[in-house]
Amino acid sequence: MEINKNIKVEAVDDRNICILKRTTIKGKEDWKRTGYYTTPQGALKGLVNDEIIGTGLKDFETVCNKINELYKLIDGLTVKSETPKKNDEDINDFLGE
């Protein structure tokens, strides 16, 4: 799930969801994993926490503004649900037919 052009959240296996941030080192663009979570909600909360810490916690108004900015971003996300197509051959293989 793309959050913006520099941050995305994706499942890396059956048990881990990661926050990835775009990095550029020596002209080469890559994605760096910044955290592992067990749920998408946990990943988004982790993202909010990272962004809040990134404000330097200068003052209450700065923190509240950053929280509001992130909540608007989260509320604006489009969630896609993909259901794998069932293949009759796969089902027959599973059933031993």
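Derivation of every value follows stated rules applied to the coordinates shown; laboratory data play no part. Fair warning: this is a prediction, and the values are worked out from it, not measured in the lab. Backbone-built Cβ (ideal geometry, glycine too); neighbour counts: all protein chains shown.
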Item checked: Neighbour-limited loop hits for trypsin sites (Lys or Arg not before Pro), region 3-56 (at most 14 other Cβ within 10 Å; DSSP other than H, G, I, E, B) -> Lys5, Arg15, Lys26
Check: In the structure shown, do any of Lys28/Lys66; Lys26/Lys72; Lys26/Lys58; Lys21/Lys45; Lys5/Lys26 have a Cα-Cα gap over 27 Å, and if so which?
Finding: Lys28/Lys66; Lys26/Lys72; Lys26/Lys58
